[in-house]
Amino acid sequence: MTKNQRLVYIALLASQAVIIGLIERSIPSPFAIAPGAKLGFANIITVMAIYTLSTADAGKVVGTRLVLTALLGGTISTFMYSASGAILSFIGMSIVHKLGPSRVSIIGVSITGAFLHNVGQLLIASWIAQTWSILLYLPVLTFVAILSGIAVGVAANYLLTYVEKLHYYKYLRESS
Amino acid sequence: MKVFHMFKFWDWIIIPLIILLSFLPSVVFTYQQGSVSADSNLEAVVSVDNEEIERIPLTGHEGNEILDIPEVPCDTNTVQLQDEQIRIQSSDCPDQVCVLTGFISTPGETIVCLHHRVVIEIEAEDGHVENEILSY
């Protein structure tokens, strides 16, 4: 991958993540038992970035996505929620990905990401409300996170297998 | 390509690990509540913006009562006290988490409205005093 190709690829991934996030925000939550739980489809992009780019470049995708989503109709508090969730889940996913493709699949990586995203958001929520009992909400959210993590993992797996360019980038990443 | 075949060995370690971790806060909270004695007086502490507004004694309360606390911005006349339970019965916030929480009555339980930054928490008034007496 040349430097320009990589730059364009990072920008493409970031913009796709922003669009997916914005569309998802306008869909009402399908989980009546867990208000605030989202499907987290923007995670597809983060997972693909981790599998096709170096950790530093994948971090750039996540950072760009965070700032752009905040600028496009977010507030400081939604930025704090999404930032803590996204940063925590990115760190977790990078670590799990380091286990190697023979040990852990994309599904494992995306489930970790979805779970840590919830942990980060609940930590910020309990910090804002000054009570730790918000964390009692975690089991319900984890159930949703495992389901959506599997969905995101399967989707990302199909994309990385059948989209030729992504498959090639993944091959480059694994061989380097 | 079957979905089931996508899973690898470590996935089956990660999923139970995550489920166990998600119950960690519940375990810690139950453990903490074990130290509160059963006959202590319970109070509902209403706070807005991290500032304590009102303490409502719950133990021994009987009947249905609607409290008028103007500092709670969720709705007018929204805090309902029924016997030894308390709840927020209506709110104009978008997620309605506080209303869906329903009645709370045991120490450590909370009603949280992030939108209006309202927290109602049940506290045991003299739960820790008893432990000290025991240690003399």
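Readers should treat all values here as calculations from the given coordinates under stated rules, not as data from a laboratory. Just so it is clear, the model here is predicted, and its values are computed rather than measured. Cβ atoms come from the backbone with ideal geometry, glycine included; neighbour counts cover every protein chain shown.
So the values come out like this:
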read-out: Proxy reagent accessibility, fewest Cβ within 10 Å first, across B:Cys93, B:Cys74; value: B:Cys93, B:Cys74
read-out: Amide H within-cut-off set for B:Ile53, under 5 Å, with H built and near neighbours excluded; value: B:Val46, B:Ser47, B:Val48
read-out: Mean shadow area of the protein assembly as shown over all directions, Cα convex hull, nm²; value: 19.3
read-out: Percent of C-alpha pairs per 10 Å bin, region A:85-176, short to long; value: 17, 40, 28, 12, 4
read-out: Residue-wise HN-Hα coupling along region B:93-104, computed from phi with Karplus coefficients 6.51, -1.76, 1.60 (Hz; x: Gly, Pro); value: 6, x, 8, 6, 4, 5, 6, 5, 4, x, 6, 10
read-out: Helix-derived mean residue ellipticity, 222 nm - over chain B, DSSP H n ≥ 4, -39500 (n - 2.57), to 500; value: -8000 deg cm²/dmol
read-out: Exercise: per-residue mean of other protein chain Cβ atoms within 10 Å, B:18-31; value: 5
read-out: Fewest-first sequence of A:Leu136, B:Leu42 by Cβ atoms within 10 Å of each Cβ; value: A:Leu136, B:Leu42
read-out: Sites B:Glu125 and A:Glu174 - FRET efficiency at Förster radius 45 Å, r taken between beta-carbons, to 0.05; value: 0.15
read-out: Equivalent ellipsoid semi-axes, region B:38-135, via Cα gyration tensor eigenvalues times 5, rooted, Å; value: 25, 14, 11
read-out: Of every Cα-Cα pair in region B:6-90, the percent that sits beyond 22 Å; value: 53
read-out: Along each principal axis, Cα extent of region B:67-123, largest first, Å; value: 26, 20, 17
read-out: Partnerless Cys - chain B, beta-carbon criterion under 4.7 Å; value: B:Cys74, B:Cys93
read-out: Per-selection metrics, chain A (Cα): Rg and Dmax in Å; value: 15.9, 50
read-out: Within chain A, longest stretch free of exposed trypsin sites (Lys or Arg not before Pro) [DSSP loop, at most 14 other beta carbons within 10 Å]; value: A:1-97
read-out: Nearby aspartates and glutamates by direct alpha-carbon distance to A:Lys3 (threshold 17 angstrom, same-chain neighbours under 8 apart not counted); value: A:Asp57
read-out: At least 27 Å along the helix axis (C-alpha) and Kyte average at least -0.5, DSSP helices within chain A; value: A:3-26, A:76-97, A:106-129, A:138-162
read-out: Contact order normalised by residue count of chain B, Cα under 8 Å, 6+ apart, percent; value: 23
